[in-house]
Amino acid sequence: MYRPWSGANETLVREFVFLGFSSLAGLQRLLFIAFLPLYLFTLGTNAIIISTIMLDRALHTPMYFFLAVLSCSETCYTFVIVPKMLVDLLAQKKTISFLGCAIQMFTFLFLGCSHSFLLAAMGYDRYVAICNPLRYTELMGHRVCVGLVGAACACGFTIAQIITSMVFHLPFHSSNQLHHFFCDISPVLKVASHHTHLSQIVIIMLCALVLVVPLLLILVSYIHIISAIVQFPSTLGRYKAFSTCASHLIVVIIHYGCASFIYLRLKSTSSSSQDALISVSYTILTPLFNPLIYSLRNKDFRSALRRSVERTISLPQR
């Protein structure tokens, strides 16, 4: 699919070396001990969320359908990056093949871009639930929900394919040291032999498209949502409506804040160590917080989880 660039008297890059934690050589084992439980906790909570939503019919609603897809997406997203990072923290040689780097970049871009559009779909779901409650079942039927998820994945796949193709068809020789812990766009571009300003502008525009368009859709949804909520006669009704949107808003702010900081400024002057630190936040910490924000603080979900646990415990007794 992707081949290293070749030229006369040039050394081909057949693998990349990760230097993301090279400045913390003495702390890498401690980082492994810190990151491993966080990663396992993320996997466990997402597995609980997905299984609970699947098993409890009370949660077979559009909101929880999107939440299950989000949890599945985050599980896959962290699986693409974190296991390799954990292995490298204990390894002397922290390398990845040229093809492996391209596959990693494509996969995390596909999941990350799909995640952005999925958050927009969840914003639309909240808009319909609050602004058109009588038509909610009709407007957010199963086919519509599946269609929105499919559209989000299609957009993510297309953009990831374009960016990955543009990056890995650049010439790479001599330097193969990535000042990062996975194959992100900016670190890989920095070790390319040369790239045109046009290719960099196109990549920035695609990143902006992924971030700005879904964010604008979310803002439009919440303008209508807030306009509807302030007209509610009951204070309790306004509180419940705001509480159903609060979790989504928190996740949106964290996701778009971190992503905008990294991908809307692909400049050689950016700090590699700072980028790596921000990347740790959205590859390890954000997927850790999202289940807590979205589900474990939700009363309906906790009740469904309790019912699922009680049924599981009672089965062996029968």
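The values are calculated or read from the model by the stated rules, or taken from the named source; none is laboratory data. Small disclaimer: the values here were computed from a predicted structure and weren't measured. Virtual Cβ from ideal backbone geometry, glycine too; neighbours counted across all protein chains shown. Heads up: the accessible areas ignore ligands, DNA and RNA and are worked out on the full protein's heavy atoms, side chains in. Shrake-Rupley method; radii C 1.70, N 1.55, O 1.52, S 1.80 Å.
Rolling a 1.4 angstrom probe over the protein chains, ignoring ligands and nucleic acids, what is the accessible area of Val309 in square angstrom, nearest 10?
Looks like 70 Å² after rounding.
Please flag any cysteine in the chain that has no other cysteine's Cβ under 4.7 angstrom from its own Cβ.
Cysteines lacking a close Cβ partner in the chain: Cys72, Cys76, Cys113, Cys131, Cys145, Cys153, Cys155, Cys207, Cys245, Cys258.
Restricting to DSSP H runs of at least four residues, report the calculated mean residue ellipticity at 222 nm for the chain, -39500 (n - 2.57) per run over all residues, nearest 500 deg cm²/dmol.
Values: 11 runs with 222 residues, N = 318.
Helix-only estimate at 222 nm: -24000 deg cm²/dmol.
Would you mind telling me which residue in Asn176, Asn298, Asn46 has the biggest mean-square fluctuation in a Gaussian network model of the chain, where springs connect alpha carbons within a distance under 10 angstrom?
Highest fluctuation of the listed residues: Asn298.
Projecting each Cα onto the charge dipole of segment 15-297 (Lys/Arg +1, Asp/Glu -1 at the beta carbon, about the Cα centre), which of Ser22, His173, Gln104 comes out farthest on the positive side?
Ser22
Might you report the magnitude of the Cβ-based charge dipole of the chain about its Cα centre, with Lys and Arg at +1 and Asp and Glu at -1, to the nearest 20 debye? It would help to have the intermediate numbers written out before the result.
On the way: 22 positive and 11 negative charges, 135 e Å.
With only Lys, Arg, Asp and Glu charged at Cβ, the dipole is about 640 debye.
Quick check: with the 1.4 Å probe, what order do Phe66, Phe32, Phe261 take by accessible area, largest first?
Values: Phe66 0, Phe32 50, Phe261 70 Å².
Largest to smallest exposure gives the sequence Phe261, Phe32, Phe66.
Span-like helices, the chain: DSSP H, alpha-carbon axial extent 18 Å or more, mean Kyte-Doolittle 0.5 or greater, which ones?
Membrane-span-like by this rule: 28-55, 62-90, 98-131, 142-168, 197-229, 235-263.
Might you tell me the accessible area per residue for the chain, computed with a 1.4 Å probe and given in Å²?
Working: 16150 Å² over 318 residues.
In whole numbers, the chain has 51 Å² accessible per residue.
Over segment 15-297, what percent of the accessible surface lies on carbon and sulfur atoms, probe 1.4 Å? Walk me through the intermediate numbers first.
Values: 9540 of 13130 Å².
Carbon and sulfur atoms account for 73 percent of the accessible area of segment 15-297.
Between the alpha-carbon centers of segment 140-180 and segment 201-241, tell me the distance in whole angstrom.
24 Å
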